[in-house]
Protein chains: 4
Amino acid sequence: MADALAQTKHDLAVANRIVSLEGIIDAFGHVSMRHPTKPDRYLISRSRSPEVVEAADIYEYTLDSEPVTPLPNGIRGYGELVIHGEIYKARPDVNAVAHHHSMAFLPFCNTGTELLPLFHMGAQIGDKVPFWDSRDEFGDTNLLVLKPEEGRSLAKALGPHWLVLLRRHGVTVAAKNLTELVFRTIYSTRNAELQLMTQAQGRPLSPLTPGEARLAWERNLEPRPQARAWEYWCNRLRKAGEFPAPLKAAKKATTAKGKTKAKTRRR
Amino acid sequence: MADALAQTKHDLAVANRIVSLEGIIDAFGHVSMRHPTKPDRYLISRSRSPEVVEAADIYEYTLDSEPVTPLPNGIRGYGELVIHGEIYKARPDVNAVAHHHSMAFLPFCNTGTELLPLFHMGAQIGDKVPFWDSRDEFGDTNLLVLKPEEGRSLAKALGPHWLVLLRRHGVTVAAKNLTELVFRTIYSTRNAELQLMTQAQGRPLSPLTPGEARLAWERNLEPRPQARAWEYWCNRLRKAGEFPAPLKAAKKATTAKGKTKAKTRRR
Amino acid sequence: MADALAQTKHDLAVANRIVSLEGIIDAFGHVSMRHPTKPDRYLISRSRSPEVVEAADIYEYTLDSEPVTPLPNGIRGYGELVIHGEIYKARPDVNAVAHHHSMAFLPFCNTGTELLPLFHMGAQIGDKVPFWDSRDEFGDTNLLVLKPEEGRSLAKALGPHWLVLLRRHGVTVAAKNLTELVFRTIYSTRNAELQLMTQAQGRPLSPLTPGEARLAWERNLEPRPQARAWEYWCNRLRKAGEFPAPLKAAKKATTAKGKTKAKTRRR
Amino acid sequence: MADALAQTKHDLAVANRIVSLEGIIDAFGHVSMRHPTKPDRYLISRSRSPEVVEAADIYEYTLDSEPVTPLPNGIRGYGELVIHGEIYKARPDVNAVAHHHSMAFLPFCNTGTELLPLFHMGAQIGDKVPFWDSRDEFGDTNLLVLKPEEGRSLAKALGPHWLVLLRRHGVTVAAKNLTELVFRTIYSTRNAELQLMTQAQGRPLSPLTPGEARLAWERNLEPRPQARAWEYWCNRLRKAGEFPAPLKAAKKATTAKGKTKAKTRRR
């Protein structure tokens, strides 16, 4: 049981690092998953860049985004935890959430231009990508989603969909499981890149039909393509020397100052 | 004889990895070649990302895309095998095929804009790049080419040409041999990038004349430029630590779970 | 005391290398900081590309941009030192300055198009980004800022702001401390990239309101996000083998010819 | 004397690799220099991609592009040698030549749009960049510059300038020495990138005045910036493991098949 949780935390660290290596998340952004056996809790790293997250950095939170046990001295959580907690509350079918600021989405976040599925992998954006504008309910803010009511408002904007664009800020992605989350995060970014490239050509877009989008969505989420992509991304992490250390080693080596044996080895 | 086949499989693994390293293929896409001595068979990897393919992953298929001997337990083939089989059937002059979703082509796949040869290396797109739209015969699908009749329809659209663009999906490339396939796949992508960049400037394109295109095509396929490019790409694979292990070592190390000694060494 | 200065020089070397690794500075450009205990001096590398700067390369200058002690034989300072000295003179609140030619800013430097904050991190450009045109006071020059009067003119154009764009040349960034400088340099570049991408879509921009920009600016400069980003960038330097050697080792190994043990090890 | 020539060949190998690592040249393209003591000869690699060139690959040619001593068995020269020979003949002030197909220039090569110096480093394009169109004198060709009369025609189009764009083909760059050649090749590419980016914004360009361009050109070619850039590029080669092996080692290790110890070590 404890071992299963350790494996889950390791997988979550892997997911954090994949979306970093593939260029979606930089210093900021975060990736969480619902607790595998306690649906009223979720797992997320302490406040660190996803690229450096290890299993030992991951803590448990209630759906009100309170740590289940107080964080150790000197350890801080992310500021925008309510994005995760409020979506898990509102959407029992969602078991993994990512929040990021990929450059490919920011022009859409800025202008409010509608995203459309433009190739088979782009069907992963879902049937509609709603917008959330912090100004509508909260006026001038620092644009972050920090208060429970802001998180609830965002979760409401997400509604039954799988992506929501935050005006002048970034993207939040939801999924049924962690592999699907990484898959959707990466291929929705490719679709956004494609839409930018195609629009810059000044020619009319030709999106998938709703029927095509639904069939492509289903196909992409079958076990074979999901496993193939996961193997590919893990292999790229390994080649880059970024695959996270096993939990036991990591526990011993990590300190609050972020110096780990793994890093030393990588120099 | 067995050794010659082993070398062929190794070369095919190299080709898989070159198009991955050069940024044409990501987790999805596939590269095949006709069997060197049995023209009614072709060789292609089991379902894995081309970036991780090794010689031991390569199996023989009939032109109806059935495995010549049943695949081992736990091993699956690619879903879109019929792309390869049906083209080998329809085109006896084709001995190598790649299918990919390079971002540079996707705006053309989406809008249906015609590709033109814009520099000497771009002559590799051939005299015309036809489109295939799955909607025309098959209506709403998941856009993949999965059924024999879909493969036949695509092969018919390719006709006597060397590239065919799949609307809202990707590209299929054909060639007389494996080196030519890699060459055409890479330089047709550069030409697509160039066309996107030039169109974004809003100035009229100045394509090669048909005579220039034919002469440049012939020159690029001479042994000297082909060998020079192949040496260059292999060298880049080696520097990146991506050159596939020799067949014997790979056989021992590979398992269905995709853990190989080669990978461990690369960390 | 001497040790504190050594640490400061090491930190400045780290800052030089971060902005290089993150793609903002190439062979040219420079990063300085005010002396931590003598506010009428500043610290900056001898004339070397920021990517290769080590603590031992850093010298002290007066605010008139004269070396405090003569530079060793064969050692030369940067040509544009007055950019740094004149800004430190004019702006007692500024303790760190970077000058660069990032491609993302150059289209704005060329055309004179106004920069706008387009996402929360983009608030780091400040409330206004003024332009300085060397032609206005100095007519035809080589565009560099070489004379004290040119430096003073640039500092005047900067005024109370934090970035100033040099027409047909580049960018100068100011900050209260070194971490903030790196943060502002990187995220102002992301904002410039975003503005280019959004403008290329031909849709109207939706900038932050002044209230949003002020709140986002303040939030980003809080200790937690600043520390998180710094850890992230240092980790990336370490993984790339670019983290500068400790001062003691560097002193021994560096010569005026730029051969260091660190470099040898990196091969 | 022999040692001086060995050092020159080593420097030429370094120059070949710098322009490759910095992304200007891929599998094709070539870099040459005039013989340091015999002005009626020039040095250039046998037919290999510049990224893999070593000192031992470099041979001497007459200005009629004939090898001074016959090439060893199995060794071939580049096809477009006359580009180099004819420019050295026509321009006694030119001592180094590069020919490449950088993507940044190809849109200009295609459309015939005039290049303009848009920032201080961009002054390296020179006061004018003429075009050469193979169609004008030679009609339909494979676009390569293969015959002496084609080389002479190109050299005539270059005239007293330092860059010439070959319509639907690529770029030829000339310089007074090897460092200047690398510098001009890289920064003229940056200027082309900048012009593409700025034109995509749809705003009028603001080029340097002729006076600014001349002063910036002179400044950039002074010893200090030239040395600083060369140190930077060499350091990047070293970090990438691409700095060529010393001549003695290379001689022993290289064979006509292109397997070298250096490469083996790099795996």
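The values are calculated or read from the model by the stated rules, or taken from the named source; none is laboratory data. Keep in mind it's a predicted model, so treat the numbers as computed, not measured. Neighbour counts are summed over all protein chains in view; Cβ atoms, including those assigned to glycine, are modelled from backbone coordinates with ideal geometry. Quick note on the areas: whole protein, heavy atoms, side chains included, nothing else; ligands and nucleic acids left out. Shrake-Rupley method; radii C 1.70, N 1.55, O 1.52, S 1.80 Å.
Being within 14 Å of chain B (Cβ to nearest Cβ) and either modelled with pLDDT of 95 or more or surrounded by fewer than 18 Cβ atoms within 10 Å (Cβ to Cβ) (or both) narrows it down to one of A:THR255, A:THR172, A:THR189, A:THR264, so name that one.
Working: A:THR255 fails: within 14 Å of chain B (Cβ to nearest Cβ); A:THR172 fails: within 14 Å of chain B (Cβ to nearest Cβ); A:THR264 fails: within 14 Å of chain B (Cβ to nearest Cβ).
Result of the check over A:THR255, A:THR172, A:THR189, A:THR264: A:THR189.
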| Within the stretch B:52-75, how many residues are in contact (Cβ under 8 Å) with a residue 24 or more places away in the chain and either surrounded by fewer than 20 Cβ atoms within 10 Å (Cβ to Cβ) or more than 22 Å from B:PHE28 (Cα to Cα) (or both)? | 9
| said: Tell me whether the stretch C:132-140 contains one or more residues that are of a type in the set (Lys, Arg) and more than 9 Å from chain D (Cβ to nearest Cβ). | reply: no
| task | Among the residues of the stretch A:143-169, count how many are surrounded by 19 or more Cβ atoms within 10 Å (Cβ to Cβ) and in a loop (DSSP other than H, G, I, E, B). | result | 7
| remark: Taking first residues from the stretch C:76-103 that are among the aromatic types (Phe, Trp, Tyr) and second residues anywhere that are open to solvent by 10 Å² or more (accessible area, probe 1.4 Å), the pairs with Cβ under 7 Å that are 6 or more apart or on different chains are C:TYR78/C:SER47; C:TYR88/C:ARG34; C:TYR88/C:LEU63
| remark: All conditions in (1) under 26 Å from A:ASN220 (Cα atoms); (2) touching a helix residue (DSSP H, G or I) at 6+ places or on another chain (Cβ under 6 Å); (3) assigned to a loop (DSSP other than H, G, I, E, B) are true of B:ASP26 except (2)
| request: State the number of residues belonging to the stretch B:28-50 that are within 14 Å of chain A (Cβ to nearest Cβ) and open to solvent by 10 Å² or more (accessible area, probe 1.4 Å). | output: 3
| note | Of the conditions (1) touching a residue at least 12 places away in the same chain (Cβ under 8 Å); (2) surrounded by fewer than 24 Cβ atoms within 10 Å (Cβ to Cβ); (3) within 9 Å of another protein chain (Cβ to nearest Cβ), the single one that B:ALA216 does not satisfy is (2)
| Set B:LEU158, B:LEU144: member being under 18 Å from the mean Cα position of the chain (by Cα) and either within 14 Å of chain A (Cβ to nearest Cβ) or among the polar types (S, T, N, Q) (or both) | B:LEU144
| request: Working only within the stretch B:84-106, note down all residues that are surrounded by 21 or more Cβ atoms within 10 Å (Cβ to Cβ) and more than 14 Å from chain A (Cβ to nearest Cβ). | output: B:HIS84, B:GLY85, B:GLU86, B:ILE87, B:TYR88, B:VAL94, B:ASN95, B:ALA96, B:VAL97, B:ALA98
| query | Within the stretch B:173-187, can you find the residues that are within 25 Å of B:HIS35 (Cβ to Cβ) and assigned to a helix (DSSP H, G or I)? | reply | B:LEU178, B:THR179, B:GLU180, B:LEU181, B:VAL182, B:PHE183, B:ARG184, B:THR185, B:ILE186
| task | Only residues that are touching a Lys or Arg at 6+ places or on another chain (Cβ under 9 Å) and not in a loop (DSSP other than H, G, I, E, B): list them for the stretch A:86-106, please. | result | A:GLU86, A:TYR88, A:LYS89, A:ALA90, A:ALA96, A:VAL97, A:ALA98, A:LEU106
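Provide a single number: the residues in the stretch D:107-131 that are in a loop (DSSP other than H, G, I, E, B) and more than 10 Å from chain B (Cβ to nearest Cβ).
11
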| note | Pairing a residue in the stretch A:227-245 that is at the interface with chain B (Cβ under 9 Å from one of its Cβ atoms) and at positive phi with any residue that is at pLDDT below 95 and open to solvent by 30 Å² or more (accessible area, probe 1.4 Å), where Cβ atoms lie under 8 Å and the two sit 6 or more apart in sequence or on different chains, gives A:GLY241/A:ARG266; A:GLY241/B:ARG267; A:GLY241/C:LYS239
| task | Search the stretch B:192-213 for residues being free of Cβ contacts under 8 Å to residues at least 40 places away in the same chain and not in a helix (DSSP H, G or I), and hand back the single one that is surrounded by the most Cβ atoms within 10 Å (Cβ to Cβ). | result | B:GLN201
| query | Restricted to the stretch C:120-129, and to residues that are surrounded by fewer than 24 Cβ atoms within 10 Å (Cβ to Cβ) and in contact with a Phe, Trp or Tyr (Cβ under 9 Å, 6 or more places away or on another chain), which residue is farthest from A:LEU165 (Cα to Cα)? | reply | C:VAL129
| If C:PRO117 satisfies every condition in (1) under 20 Å from the mean Cα position of the chain (by Cα); (2) open to solvent by 10 Å² or more (accessible area, probe 1.4 Å); (3) farther than 30 Å from A:ASP133 by Cβ but one, which is the exception? | (3)
| message | Taking the conditions exactly as written (assigned to a loop (DSSP other than H, G, I, E, B), over 30 Å from B:LEU215 (Cβ atoms), within 13 Å of chain A (Cβ to nearest Cβ) and at pLDDT below 95), does B:GLY74 satisfy them or not? | response | yes
| query | Taking the stated definitions as given, is A:LEU178 modelled with pLDDT of 95 or more, more than 24 Å from A:HIS30 (Cβ to Cβ) and open to solvent by less than 40 Å² (accessible area, probe 1.4 Å)? | reply | no
